[in-house]
Amino acid sequence: MTSLATEQPTLSLRLREGTRSEHEDAEHSGYISKLMGGELDTAAYVSLASQQYFVYQALEALNDAVRALPQGESLLFDELQRTASIAEDLAFLIGPDWRAQISPLPATVQYVAALEACSTSLPRYAAHAYTRYLGDLSGGQIIKRMLERHYGVGPQGLAFYTFAEIPKAKPFKDVYRERLDALVFTEDEMALAIAEAQGAFRLNQALFADLGAIHC
């Protein structure tokens, strides 16, 4: 007898499909389109890197709290950590006093607050980690090539996009999706993760709007 039960979509698939619209909106922001098209300058990239520092500092400050959550350890990978790489880029691009020269934009302040609110919620953390890290290993690699091509930024300024401990992105992304899909979440927790991921893309879009107001 054939079972009538249908297999439920995985968390990674639901995250991808549930954020498709928000993802496209963020990707097609004026700032990103112009940066990728070579219409801006190196200063526009430096501004982006500066704001990413605050975002990743907040995201990775959650590591200990996430590790203490049931199932949380499974989503933490040392090879994904980006804060030190961004600091390396900013030291090269701005100089040794780079910390004194950067400050968070209004959208970044909101983004950081959203991340700080995730310390006790694995579904919410999973949404932000999925959005950031898988994005860095996917579209981030295209951004890296465009920065090299259009602005002549070299390896010393692009450590953020260089995952030295992940020589092949696809197998790693497959493992990360498997870890996401193995999480035991209730339907409400699944819905929370998807809503948080949608919000994460909107936060990115707001950040790009702030950067566009400065550089476009």
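The values are calculated or read from the model by the stated rules, or taken from the named source; none is laboratory data. These numbers come from a predicted model, not from an experiment. Methodologically, a virtual Cβ is constructed for each residue, glycine included, from the backbone with ideal geometry; neighbour enumeration extends over all protein chains shown. The protein model used for the area step is the full one, side chains on, heavy atoms only, and it has no ligands, DNA or RNA in it. Shrake-Rupley method; radii C 1.70, N 1.55, O 1.52, S 1.80 Å.
Rounded to the nearest 500 deg cm²/dmol, what is the calculated helix-only ellipticity per residue at 222 nm for the chain, with -39500 (n - 2.57) per DSSP H run of length n ≥ 4? Write out the running numbers ahead of the final one.
Working: 12 runs with 137 residues, N = 216.
Only helices count here, giving -19500 deg cm²/dmol.
Label region 98-165 by shape, choosing from rounded, prolate and oblate, from the square roots a ≥ b ≥ c of the eigenvalues of the Cα gyration tensor; if a/c is under 1.5 it is rounded, and otherwise prolate applies when a/b is larger than b/c, oblate when it is not.
Taking the square roots of the gyration eigenvalues as a ≥ b ≥ c, region 98-165 is oblate.
Identify which of the listed values of semi-axes √(5λ) of the Cα gyration tensor in Å was calculated from the structure shown: (i) 68, 37, 17; (ii) 36, 24, 13; (iii) 31, 18, 17.
It is the one labelled (iii).
What range in the chain is the longest one free of GluC sites (Glu not before Pro) that are in a loop by DSSP and have at most 15 other Cβ atoms within 10 angstrom? Mind showing how you got there, number by number?
On the way: sites that count: 7, 39, 165.
Between exposed loop sites, the widest span is 40-164.
Determine how many Å³ per residue the convex hull of the Cα atoms of region 19-145 encloses.
Details: hull volume 15.3 nm³, N = 127.
Residue-normalised Cα hull volume stands at 120 Å³.
With every protein chain left in place and a probe of 1.4 Å, what is the accessible surface of residue 109, to the nearest 10 Å²?
For residue 109, solvent-accessible area is about 80 Å².
Any chance you could run the full-extension gain for residue 164 through residue 81? It's 0.36 nm times the residue separation minus the Cα-Cα distance, nm to one decimal.
28.8 nm
What whole-number value in Å² describes the accessible area per residue of the chain for a 1.4 Å probe? Please list the in-between numbers first.
On the way: 10710 Å² over 216 residues.
Per-residue value: 50 Å².
Measure off, as a whole percent, the carbon and sulfur share of the 1.4 Å-probe accessible area of the chain, all protein chains present.
After summing per-atom areas, the C and S share lands at 54 percent.
Please find, in a Gaussian network model of the chain (springs between Cα atoms separated by less than 10 Å), the residue of 19, 42, 108 whose mean-square fluctuation is greatest.
Looking only at 19, 42, 108, the biggest GNM fluctuation is shown by 42.
Let me have the relative contact order for the chain, percent, based on Cα pairs under 8 Å that are six or more residues apart. Display every interim value, and only then the final one.
Details: 209 pairs, mean separation 86.3, N = 216.
Value for the chain: 40 percent.
Apply the a/c threshold of 1.5 to the C-alpha gyration tensor of region 144-216 and tell me whether it is rounded, prolate or oblate.
On the way: a/c = 4.30, a/b = 1.35, b/c = 3.18.
Oblate shape, in that a/c is at least 1.5 and b/c is the bigger or equal ratio.
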